């Protein structure tokens, strides 16, 4: 005779652990794919989410439990490690103050334009928050962090990330090269341009490797280092975005615990960098970066597994594309106006 209680327990275990294990394996696969191919275009978080969506399509099944468990657990843990690597206050202090100010204006432009369009287009608020943060700060990483803060649905995350990715691809291969050649930017100015407006950190490095015919006023390595240091300043926006969107979502002022963990990890990482740069670069970062990347990629895979494909192609998806593209166009205009006023 079949023990119905035992059968129910086994089914529950499978329901709980299989999607979590699958999410982890997809996240790990996305990470190693990036390591193997070594392309800045393959953001592990985006790739893992696409893997999840693909399996979702093939199996025609959604596991709601994997979303509620994986992202809400893995993303906050990853925030601590992310802060230790990316919130480096020592490097921030070395960036030109005018460039810092220009970055602030560009980030405010992204937020302002996308918020306004979200209101005008009657977009879902959480999609607006995610699209604005992903565009203004650091692409998939910012969307992953913000999705946890506002407890976004899988569909909101997928729609936002894919729209930001589409705008970034257009900018990387078409808009930025065209404007750079039109205005005669040298490689230093182009490094600042890509770092100031491109959404994904990996795209910034790729952008400098795909435009070899610019006037060189600094070496390629110096241009890449400059671009990445400037792009890193945009991570500071998370210190505002995390409490802002948490408060807007809950309709009361909130300072989530992982905001303090993020800031504390950044201060600790900065201290280690200042006192022992070799330890920081050769030991700490090679450990920290894979940890948060795999954690977040696994969370994004879980989100992909629970995405409703029809909603990606629906009206919210189209609105998100409009918001991402117009936000990006406006940010590029602000940068060009900014550098035309003051030599950087």
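Flag set for residue 214, criterion: within 30 Å of residue 176 (Cα to Cα), surrounded by 13 or more Cβ atoms within 10 Å (Cβ to Cβ) and at pLDDT below 95.
Matching residues to (1) buried (at least 16 other Cβ atoms within 10 Å of the Cβ); (2) farther than 17 Å from residue 108 by Cα:
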site	(1), (2)
221	no, yes
227	yes, yes
232	yes, no
236	yes, no
239	no, no
244	yes, no
249	yes, yes
254	yes, yes
258	yes, yes
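Only one entry of 30, 70 meets the criterion of being farther than 18 Å from residue 138 by Cα, modelled with pLDDT under 85 and in contact with a helix residue (DSSP H, G or I) (Cβ under 6 Å, 6 or more places away or on another chain), and that entry is 70. Selection of the stretch 211-242 for residues being under 30 Å from residue 76 (Cα atoms) and free of Cβ contacts under 8 Å to residues at least 24 places away in the same chain yields 225, 240. Could you say whether any residue in the stretch 294-306 is surrounded by fewer than 20 Cβ atoms within 10 Å (Cβ to Cβ) and either at negative phi or in contact (Cβ under 8 Å) with a residue 40 or more places away in the chain (or both)? No, there is no match, as no residue in the stretch 294-306 is surrounded by fewer than 20 Cβ atoms within 10 Å (Cβ to Cβ) and either at negative phi or in contact (Cβ under 8 Å) with a residue 40 or more places away in the chain (or both).
When the residues of the stretch 243-255 are filtered to those that are part of a helix (DSSP H, G or I) and without any contact (Cβ under 8 Å) to a residue 12 or more places away in the chain, the one that is nearest to residue 130 (Cα to Cα) is 244.
Return yes or no: is residue 181 at pLDDT below 95 and closer than 21 Å to residue 338 by Cα? Against the criterion (at pLDDT below 95 and closer than 21 Å to residue 338 by Cα), residue 181 qualifies. If I filter the stretch 277-286 for residues that are within 17 Å of residue 140 (Cα to Cα) and either surrounded by fewer than 19 Cβ atoms within 10 Å (Cβ to Cβ) or more than 19 Å from the chain's Cα centre (by Cα) (or both), do I get at least one hit? So far as the stretch 277-286 goes, no, none of its residues is within 17 Å of residue 140 (Cα to Cα) and either surrounded by fewer than 19 Cβ atoms within 10 Å (Cβ to Cβ) or more than 19 Å from the chain's Cα centre (by Cα) (or both). The conditions of being within 21 Å of residue 75 (Cβ to Cβ), modelled with pLDDT of 95 or more and more than 19 Å from the chain's Cα centre (by Cα) are not met by residue 248. You will find that of 208, 161, 130, the residue that is without any contact (Cβ under 8 Å) to a residue 40 or more places away in the chain, buried (at least 24 other Cβ atoms within 10 Å of the Cβ), in a helix (DSSP H, G or I) and in contact with a helix residue (DSSP H, G or I) (Cβ under 7 Å, 6 or more places away or on another chain) is 130 and no other.
The set of residues in the stretch 20-45 being closer than 15 Å to residue 306 by Cα and surrounded by fewer than 24 Cβ atoms within 10 Å (Cβ to Cβ) consists of 20, 21, 22, 24. Looking at the structure I just gave you, is residue 102 surrounded by fewer than 24 Cβ atoms within 10 Å (Cβ to Cβ), part of a helix (DSSP H, G or I) and modelled with pLDDT under 95? It is false that residue 102 is surrounded by fewer than 24 Cβ atoms within 10 Å (Cβ to Cβ), part of a helix (DSSP H, G or I) and modelled with pLDDT under 95. Before we move on, is residue 199 farther than 16 Å from residue 300 by Cα, touching a residue at least 12 places away in the same chain (Cβ under 8 Å), over 14 Å from the mean Cα position of the chain (by Cα) and not in a helix (DSSP H, G or I)? No; evaluated as a whole, the condition is false for this residue.
The values are calculated or read from the model by the stated rules, or taken from the named source; none is laboratory data. Everything numeric in this text was worked out from a predicted model, so none of it was measured. Please note: Cβ atoms are built from the backbone with ideal geometry, for glycine as well, and neighbour counts cover all protein chains shown.
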